[in-house]
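What follows is one structure encoded as structure tokens, with my remarks underneath.
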Amino acid sequence: MTQLKSEDKSFYESTLKEAKKKIEIIDASIEEELARVKEKINQLQEQKKAVRQIYDGACVILEAKNEFEEEEKSSV
């Protein structure tokens, strides 16, 4: 590789540092967004469990077919 002029070397070193900083900022943003999405998924799963218990109970009381149980059995 050819020798860089001092000013060119400074330019590329500065560019390298700035790009690294931006990558780190983006990585941090990705981690924050993933944490937010994971928390939302957990909340939705807990809501689903609660509603599913209500649904299962209503099926038992009404002696109705539980469509979710049938889907689970057929997917296993």
Charges only on Cβ, +1 for Lys and Arg, -1 for Asp and Glu: so what's the dipole of the chain about the Cα centre, in debye to the nearest 20?
-> 380 debye
If you take the charge dipole of the chain about its Cα centre, with +1 on Lys and Arg Cβ and -1 on Asp and Glu Cβ, which of 16, 54, 26 is farthest toward its positive end?
-> 16
Taking 7 Å along the Cα-to-C-beta vector as the label spot, tell me the residue 38-residue 10 distance in nanometres, rounded to one decimal.
-> 4.4 nm
Restricting to lysines and to Cα separations under 22 Å from residue 48, and discarding same-chain partners fewer than 8 apart, the set is 38, 40, 65, 73
Please pull out the direction-averaged projected area of the chain, using the convex hull of its alpha-carbon atoms, in nm² to one decimal place.
-> 9.5 nm²
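Coordinate-derived values only; no laboratory data. As the structure is a prediction and not an experimental result, all values here were calculated from the model. Backbone-built Cβ (ideal geometry, glycine too); neighbour counts: all protein chains shown.
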